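FYI, it's all coordinate maths here, none of it is from the lab. Note that the structure is a prediction, hence the values are computed from the model and not measured. Neighbour counts are summed over all protein chains in view; Cβ atoms, including those assigned to glycine, are modelled from backbone coordinates with ideal geometry.
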Amino acid sequence: MRVPLPRFVEPGGLVQDRPRAEWATANTHHDYSAVLEAVKNASSTLAVPLRRLPSAREALYTYLACLVPIVAWSVFRVLDNGLPTWSRQMRAWDVVGVIAYVQAFALVESTVVFIPLLFLSMVLPLRWFRDKFVALATGIVYLSAAWFVFAQLNDDALRWWGFRPLLPWVGTYCASVLVLSALIHRSSGVEALINSFVHRVILLASTYLLIALAAVVIVLVRNL
Amino acid sequence: MQTLTRRDLLKLLAVLPSVSLHGPTTRQRPLAQQGDRQLPNILILVFDAFSAHHVPLYGYRRPTTPNLVRFADRATVFHSHYSAGSFTTSGTASLLTGTYPWSHRAVNLQSTVLDEFRDRSIFKLLGDEGYYRLAYTHNMLASSFLNQFRSAIDNFTPTKDLCLQDPYVSQWMFEKDFTPAIHAEGLLRARGETSSSLFLYVPYRFWVSHLKRRLNAQNGDLFPRGLPTLEDRVFLLEDAVDWTMLKLGAMPRPFLAYLHFLPPHDPYHARKDCVGRFADGWVPAPKPTHPLSDRVSEEDLINYRREYDEHIAYADAEFGRLFDFMEANGILDTTYVIVTSDHGELFERGIWEHVTPCLFEPLIRIPLIISKPGQRVQRNVYTPTSCVDILPTLLQVAGIPRPEWCEGEVLPSVGDHPAEADRAVYCVDAKGSSRFGPLTKRTVSLIRDRYKLIHYLGYPDYDDVYEMYDLNDDPEELRNIYSSRRGIASDLKALLNEKSVQLNRQV
């Protein structure tokens, strides 16, 4: 049975077919130029998922939007619980150090949360995710934020329930994400609303980003 | 590469006594030499939250500590020994610096000693005399200021080394900046309330809890209530004791080893052979609920007490193993062995545990049993002593004069110092105050002779209140005689007022 030929996407956007047998031919006859050509073609296959990524601007905006709930939550926790305790126990520079660790972690956490969104963009059909990346990714992160706060408020369940009893909750969470995604796909108003929110929140998020980067510097300085 | 299993370790320990007869490195010299002086080894064993009120040596009705009783047969038992703090941080800091909390200011739950005390620890002072210094703690509160003394400790073994599970990273990842890092980690890992990590905490908590449940399931036969644990750390006291035996055989002489083990601190996860040991139906006489209590029900307190006693029995069983090892290897002939605690535990007046401002006897009176090298008979000391006395006593043992800043006295019967009949000892709880300013929210207790004065300051609805008890006639502290014995009360108040400068100073 003949194996279907793969389709390669060239950097210029042209699509052409290349026979997979080219690899075998190159190896049999030690035709290194052909090997190089094959490698070039193979690398061009990487361009497929990479080209599915959102634009740099979209990615940056979404990342900054994702940063907001994460940093805001950590700032809230620092002010609510940490700071009053720390200020009784430590000198100012050490308190700055504690806050820096928390904020630096928030930066790492934002990145860890953002990477799966990029991955989704690469693996899902373009029109499912990539084409509405900003709205979908932001919507999912904010909806998830609400769910994760709910989970934290029910800490005992996380500690003692085990996997099976939590499954219905995980299922409900996944369903809510799907409903939100469908809503964004169906309603341009919802998409516009989220996009508009993202644009409005950029300035605040940029400030958070600067704070988080400064926190990383402080952590490095304290540990040198 | 194969790892050393617990079984391998036990085999190794079994042959260690025979090796020690021949090998000069493991067989101890009668007393190690330092110049022309002979310096004994020092082993300080701290069992966390170990109340003297639950030890039969001190009159407790349940036989919780048969091995400690055996050890006491050849040691000095201090019957009125007090911690200077009501929880790990302040109690341990006082033990290691020989100063009261108003001086070292490790008064908050995870605070450290003031910077000037970095060089005023037992490790630094004995290290200067050539001691090899080893420190280990299961308790992350103690690790904060042990980390401050790190430069004076030759071997500060990380907590995780003796844990089955320890997800904390600050001790090895941010060694140079440990205190801020561990505070941040505490917030990230949600010690107490919600985490500062919005997303990653949830999978973390789920994962760590899953691992903990799995470990408990694997060891359910041996530990029916779960493995010994503190927050996300899981450990076995057996591992710590095995490790101690190895270290005792291998450390350079003379050594100072400070080993701070968590049991019988809660949760009271005793080993199977101790569970149910005290299901005797004993119900202690109830005491009136204190205004500053959490109003824990009497029924709960009775159950907690029983579980605590069983956990003490577990700690004692492991101590017994260590004691036998030391006896068999002649370590007791060359070493000062000190068994004590950092604070006690309360099961009365609606109060459970030790996070309380109420400084009643079960909370602050702790065991102190010291075996001098070669001691064969039991001696008893009844005058009040404090954990701040341990540092000057050990300094005297090493021939070092008591430093000017030290607030302790040489313990009677261990050193050459006679017992001071009129000695006053103190305990301070100031968790709610800033360590840098006046300790405005605090409880201070003072014990002199048979009387004990407690002063509560800065608590809503219980501000500037005094309680006084006669510990001889009323050891259960049921009758507040502050109003009826005005003369003695004003004497003790005057003593307390002498400390107000230190309590109210800005640092």
Averaged over A:97-105, number of beta-carbon atoms from partner chains that fall within 10 Å: 6
Sites B:R376 and B:K272, calculated FRET efficiency, Cβ-Cβ separation with R0 35 Å, nearest 0.05: 0.50
As a check on your grasp of the helix formula, calculate [θ] at 222 nm for the protein assembly as shown: sum -39500 (n - 2.57) over DSSP H runs of n ≥ 4, divide by the residue count, round to the nearest 500. -15000 deg cm²/dmol
Indicate, rounded to the nearest 5 percent, the antiparallel portion of the DSSP beta bridges found entirely in the protein assembly as shown. 60
Local electrostatic count at A:T138 - Lys and Arg +1, Asp and Glu -1, tallied over other residues with Cβ under 13 Å: 0
For region B:442-492, listing trypsin sites (Lys or Arg not before Pro) in a DSSP loop whose Cβ sees at most 16 other Cβ atoms within 10 Å gives B:R450, B:R479, B:R485
So for region B:7-421, using the alpha carbon gyration tensor with a ≥ b ≥ c as root eigenvalues (a/c under 1.5 gives rounded; past that, a/b versus b/c decides prolate or oblate), I'd call it rounded
Long-range HN-HN contacts of B:S80 with modeled amide H, under 5 Å: B:T385
About its Cα centre, how strong a charge dipole does the protein assembly as shown have in debye, to the nearest 20, once Lys and Arg get +1 and Asp and Glu get -1 at the Cβ? 1800
So how strong a dipole does region B:7-421 carry about its Cα centre when Lys and Arg Cβ are +1 and Asp and Glu Cβ are -1, to the nearest 20 debye? 680
Cβ under 9 Å from B:T64's Cβ, B:T64 left aside: what net charge do those residues give with Lys, Arg +1 and Asp, Glu -1? -1
Over all directions, average the projected area of the Cα convex hull of the protein assembly as shown and note it in nm². 42.4
At 37 °C and a viscosity of 0.692 mPa s, what translational diffusion coefficient does Stokes-Einstein give for region A:40-181, taking Rh as the Kirkwood radius over Cα pairs? Give it in µm²/s as a whole number. 187
What list of ³J(HN,Hα) couplings, whole Hz, do you get for region B:239-249 from phi and the Karplus terms 6.51, -1.76, 1.60, once you set θ to phi - 60° and write x for glycine and proline? 5, 5, 5, 4, 5, 4, 4, 4, 5, 4, x
May I ask you to list the aspartates and glutamates whose Cα is less than 19 Å away from that of B:K441, ignoring any residue fewer than eight positions away on the same chain? B:D294, B:D429, B:D461, B:D463, B:D464, B:E467, B:E498
Environment charge at B:V428 (Cβ cut-off 12 Å; Lys +1, Arg +1, Asp -1, Glu -1): +4
Checked against a 21 Å limit on the C-alpha separation, the offending pairs among B:K176/B:K247; B:K452/B:K493; B:K124/B:K160; B:K212/B:K272 are B:K176/B:K247; B:K124/B:K160
Could you check the simple spin-label distance between B:D422 and B:E193, using points 7 Å along Cα→Cβ, in nm with one decimal? 5.0
Among DSSP bridges having both ends in region B:7-421, what percentage is antiparallel? Round to the nearest 5. 40
Here region B:157-165 yields Karplus 3J(HN,Hα) values (6.51, -1.76, 1.60; θ = phi - 60°; whole Hz; Gly and Pro given as x) of 6, x, 3, 5, 4, 10, 10, 6, 8
Percent breakdown of C-alpha pair distances by 10 Å bin, ordered from the shortest bin, for region A:114-224: 12, 31, 30, 23, 4, 0
Any chance you could check the Cα centroid distance between region B:227-304 and region A:133-204 for me, in angstrom? 43
